[in-house]
Amino acid sequence: MIRARPPIWLSSSSRFAMLRPAIAIALAILFALLLASAWVRPGEESGVRGSGQTDLGLYGAVVDGLRAGGDYYGVAAQELRAGGYPLRPFPAVRLPTLAVVQAALPDAVPIAAMVLLAVATGLAWTRRIGEWFARGVPRITALFLLAGGMVAFVQPSLVHFHDLWAGLLIALSLALRRDDRWIEPVAVALCAMVIRETAALYALVMFAMALVEGRRREALGWIAALLVFVALLSLHARAVSMIAGPLDAVSPGWSGLHGPGLFASAMARSTALTLLPWWLGAPLAMLALIGWVAAPGPLGLRAALVFGGYAAAIALFARTDTFYWVLAAAPAGLVGLAFLPDAVRDLARTLLDRRRVRVHRITR
């Protein structure tokens with residue numbers, strides 16, 4: 001039996017401390033492949049249409065149209081057609097929640113709300129980070145990495161970006177969730193889903209974990225939120241079908257198959273890693289994901305599954321011009337780097353362990 005050594009940075013042993021050799025070998029191979037894939041650079045997209053319209057400009061124009069008295073779906077269809085964007089299938093049109101709310105408020109209010117939400121998310125994660133890292137230097141390092149993941153979420157110019165709001169709400173929900181506290185996280189997650197449908201992946205992961213752990217009431221809460229979301233999404237699909245015509249452009253689809261390298265590159269572009277050259281920033285983003293796999297405790301496991309789920313979704317389905325899906329995992333994503341000292345030590349210890357059981361024959 002292998003005894004866990006005292007942790008290096010963490011307050012408790014990493015998830016790799018008691019691995020069996022076969023599992024350690026499999027994880028080492030998987031991590032090596034993931035790290036190698038980070039250097040496979042996907043093609044770049046400008047995000048600018050032939051009309052010169054950007055996604056962010058589109059969302060701002062829709063808000064302006066609503067303030068001028070238009071209805072959401074009519075304004076959205078007009079702006080999408082003018083910018084050369086597809087209207088079919090229905091997910092090509094954003095849910096109306098964020099635009100309608102922002103159009104009803106002065107410009108300064110959504111910006112202030114975004115900053116306050118970012119501060120609340122940062123404080124919630126600061127508290128959880130303190131549970132993992134009790135000592136000064138590790139905790140400061142983890143908080144520094146948290147700040148590096150939050151840089152995009154306090155920029156007023158991005159206030160109309162749906163994925164930004166959904167990413168903050170997902171991060172807040174994840175940080176708030178505890179075994180005895182799940183109602184608020186479910187409510188926050190529902191807010192994220194009605195802003196951006198990609199947040200449903202987070203709710204599905206949390207629902208699955210509640211089922212696996214036998215937490216029936218929590219599982220019912222997550223499934224209730226998902227059912228509300230599906231009902232609203234159905235109404236949205238019906239509304240889009242009434243404005244989209246046969247001549248409207250069709251989305252090229254969501255089967256990019258660009259691999260894990262797109263996730264690593266997107267994370268590097270969406271966090272403070274953008275200050276580094278791509279060949280360094282992308283591998284660090286992948287190492288952060290690997291670090292989360294070693295994070296101890298229920299929150300560590302859930303964060304690893306959530307971030308890993310978005311990494312897989314981006315690798316399989318995202319196009320290079322939809323790299324911003326990564327904002328769902330960006331706020332706390334880089335904190336995974338703080339788990340690496342313990343993760344590497346514990347994984348290497350299992351892989352390099354050469355102890356053998358010796359059998360001596362005694363003859364009498």
Worksheet item: Quick one: in region 244-276, which of the residues that are surrounded by fewer than 17 Cβ atoms within 10 Å (Cβ to Cβ) and either β-branched (Val, Ile, Thr) or closer than 29 Å to residue 334 by Cβ (or both) is farthest from the chain's Cα centre (by Cα)?
Response: 250
Item to complete: Please verify whether region 72-86 includes one or more residues that are without any contact (Cβ under 8 Å) to a residue 60 or more places away in the chain and hydroxyl-bearing (Ser, Thr, Tyr).
Response: yes
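A quick yes/no check of all residues on (1) without any contact (Cβ under 8 Å) to a residue 24 or more places away in the chain; (2) farther than 17 Å from residue 122 by Cβ; (3) touching a Pro at 6+ places or on another chain (Cβ under 6 Å); (4) not acidic (Asp, Glu):
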| residue | (1), (2), (3), (4) |
| --- | --- |
| 141 | no, no, no, yes |
| 145 | no, no, no, yes |
| 157 | no, yes, no, yes |
| 160 | no, yes, no, yes |
| 163 | no, yes, no, no |
| 171 | no, no, yes, yes |
| 180 | yes, yes, no, no |
| 187 | no, yes, no, yes |
| 191 | yes, yes, no, yes |
Worksheet item: Among (1) surrounded by 20 or more Cβ atoms within 10 Å (Cβ to Cβ); (2) closer than 30 Å to residue 97 by Cα, which single condition is residue 295 missing?
Response: (2)
Fill in: Those residues of region 64-97 which are hydrophobic (A, V, I, L, M, F, W, C) and part of a loop (DSSP other than H, G, I, E, B), in sequence order
68, 87, 93, 95
Worksheet item: Is region 336-350 home to any residue that is aliphatic (A, V, I, L, M) and closer than 26 Å to residue 197 by Cα?
Response: no
Discussion item. Just to check your reading of the model, which residue among 68, 104, 118, 76 is farther than 30 Å from residue 243 by Cα and not charged (D, E, K, R)?
Written reply: 118
Worksheet item: Is it true that residue 246 is of a type outside the set (Gly, Ala, Ser), free of Cβ contacts under 8 Å to residues at least 40 places away in the same chain and not in a helix (DSSP H, G or I)?
Response: yes
Item to complete: Starting from region 59-71, keep only residues that are touching a residue at least 60 places away in the same chain (Cβ under 8 Å) and closer than 13 Å to residue 107 by Cβ, then list their pairs with residues that are buried (at least 19 other Cβ atoms within 10 Å of the Cβ) and of a type in the set (Gly, Ala, Ser) whose Cβ atoms are within a distance under 6 Å, requiring at least 6 positions of separation or different chains.
Response: 63/99; 63/103
Worksheet item: Do we have any residue at all in region 191-201 that's within 17 Å of residue 302 (Cα to Cα), more than 18 Å from the chain's Cα centre (by Cα) and of a type in the set (A, V, I, L, M, F, W, C)?
Response: no
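Yes or no, residue by residue, for (1) at pLDDT below 90; (2) more than 27 Å from the chain's Cα centre (by Cα); (3) buried (at least 20 other Cβ atoms within 10 Å of the Cβ):
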site	(1), (2), (3)
26	no, no, no
44	yes, no, no
51	yes, yes, no
63	no, no, yes
71	no, yes, no
75	no, yes, yes
Worksheet item: Which pairs do you get when a residue that is within 10 Å of residue 62 (Cβ to Cβ), found in region 90-105, comes within reach of a residue that is among the basic types (Lys, Arg) and part of a loop (DSSP other than H, G, I, E, B), reach meaning Cβ atoms under 9 angstrom, with the pair 6+ apart or on two chains?
Response: 94/196; 98/196
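The values are calculated or read from the model by the stated rules, or taken from the named source; none is laboratory data. Note that the structure is predicted; figures quoted are calculated from it, not measured. So basically every Cβ, Gly included, is an ideal-geometry build from the backbone, and we count neighbours across all protein chains shown.
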